[in-house]
Structure formats: structure tokens, C-alpha cells
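In what follows, a single structure is set out as C-alpha cells and then discussed.
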Amino acid sequence: MGIQRPSPGRGFQARTPAGMPERLARVVQMLGRLPGVGEKTALRYALFLVTGDETASRDLGRELAELRDFVRPCERCGNIAEAGPGVATICSICSDSRRDPALLCIVARVQDLLAIERSGAMRGRYFVLGKLLSPLEGVGADELPIDALKARVKATEYPVREVLVATPPSVDGEATALLIARELGALGVNVTRIASGVPHGGDLEFADQVTLGRAIEGRKSFG
Ligand SMILES: [Zn+2]
């Protein structure tokens, strides 16, 4: 077209629209890095933050600036917890004495933990892996927190008798479950797996509460 665009600077793609302030373009680019947010949605969000309700925008900015100081992963299970300076970050589930300390549920992600909590079927505590074994994506066993999991199971303060593996019923989820069953089997704990009912390849997050509750109640020991 022969139209010269101004230099976008800071490594911006040429598709940054001409006439957009560079500060706004930076925000668009940052929002575009969020999961599930494409370029158009990022632009829509950024423009709303500039032209929509000013108090809402400033409140959001303040919350985001402080979020990482006051919300951090639980040091015991990996769930999201309230944090503060100089104190151990322990989530509300780990610090709830009414929870069964003998039952530990292993999930891939915090979203799965929250989905299981919504089902109301899990009265024990959790351990969040953060990732699944994935030969296709090059995630090997050494990248999973197996040592931390073993330490958590062996901790005499919280004797664990049953480990329920609630990784998703996908290829990666099943491979991870088998690895955990093998690694923990030698520790003398009963390793169980959620029953079928959650669709294969599906995310626990999207299973309905009844199905997820039944999958937990109908769990089986590894053969
Ligand atoms: Zn915790």
C-alpha cells in the first residue's frame, strides 16, 4: 500500500495499528498473552480500560499491581492462598483441621482442585502437580514434583494413608497417574484413581458436579 507506519518500538509487531499510543499498544500486547485472549479481545479490553468506567480501571490496576504480593501458591499443596510478608503461605484447605489428613487428592491444576471442591465429594487435602507427564510436549518424569509429593506423603505430621489420583482421563493424565502409582506404591500408601464418568480427554474443570462427585466416590485402587 506504500503507507509508512511509524516505528512501533519495543519489539512490537508491524500489525500494531498506526495511531495507537505506544502505552496502549503495550497493554494490548500484555493482555494478548493471557490464556484464551486473542488480539481482537485484547484490543477490546484495552480500549474499555481507557474509555470505560475510570474507577473500575484504576481499581483493577491497583489489584493487579499487588496481586502477587498477597496471593501465592500454598507452600504445602500448591493451591492458591492468601499471603503476607513474614508468614508461611498456607491455604484455607491445608489449615482446615476438619479435613481428613489421611486422604490426599492429587490434581494437575488449581482449576481441577476448585472443580472437585465444588462437587463437595472430597473431604481430604490436595497436592497440585502443576503439570502432567507429556511425552509429546517433552515433559518428562523429572519435571514433575515427585520428590515434593513423596515428602508430603511421608511427613509424619500429616500421615497419609490414601492418595487419590485425580489427574484428567487423558493420555497424559493416565500416564501421570501410573507414574504416581509406581512412585508412591513403595511408600505403603493406598493409591487410588478416580472412576470413569469424566469423559476421556476432558478437563475436570468442565465436568458437572454430580459426575465429578461420583468419580471420586467410585474411586478404585491401582491393580
Ligand atoms: Zn494448601
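Quick note: the coordinates plus some simple rules give every number you see, no bench work behind them. Note that the structure is predicted; figures quoted are calculated from it, not measured. Counting neighbours? That spans all protein chains shown, and the Cβs are built from the backbone with ideal geometry, glycine included.
Structural remarks
- Rg over Rh, two decimals, region 103-221 (C-alpha only, Kirkwood Rh): 0.94
- Contact order normalised by residue count of region 97-164, Cα under 8 Å, 6+ apart, percent: 42 percent
- Put simply, the convex hull of the Cα atoms in region 22-67 casts, on average, a shadow of 3.3 nm².
- Counting only alpha carbon atoms, the long axis of helix 110-119 and the longest principal axis of the chain meet at about 60°.
- Fewest-first sequence of Arg118, Arg152 by Cβ atoms within 10 Å of each Cβ: Arg118, Arg152
- Within the same chain, lysines fewer than 8 places from Lys131 are excluded, and of the rest, those with a Cα less than 21 Å from its Cα are Lys150.
- Take every DSSP beta bridge whose two residues both sit in the chain; close to 30 percent of them are antiparallel.
- Counted by neighbouring Cβ atoms within 10 Å, the residues Val87, Val189, Val71 run from fewest to most as Val87, Val71, Val189.
- Helix axis angle, 54-70 relative to the chain longest principal axis, alpha carbon, degrees: 40 degrees
- Averaging 1/r over each pair of different alpha-carbon atoms in region 54-110 and inverting the result gives 13.2 Å, the Kirkwood hydrodynamic radius.
- The chain, relative contact order in percent, only Cα pairs under 8 angstrom and at least six apart counted: 14 percent
- Rounded tilt (10° steps) of 39-51 against the dominant C-alpha axis of the chain: 70 degrees
- Sorting Met122, Met30, Met20 by the number of Cβ atoms found within 10 Å of their own Cβ, with the fewest placed first, yields Met30, Met20, Met122.
- Dipole of the chain [Lys/Arg +1, Asp/Glu -1 at C-beta], most positive-end residue of Leu129, Gly140, Leu31: Leu31
- Sorted largest first, the principal axis extents computed over the alpha-carbon atoms of the chain equal 70, 41, 34 Å.
- Nonlocal amide H pairs with Val165, under 5 Å, H built at 1.01 Å: Ile106, Thr192, Arg193, Ile194
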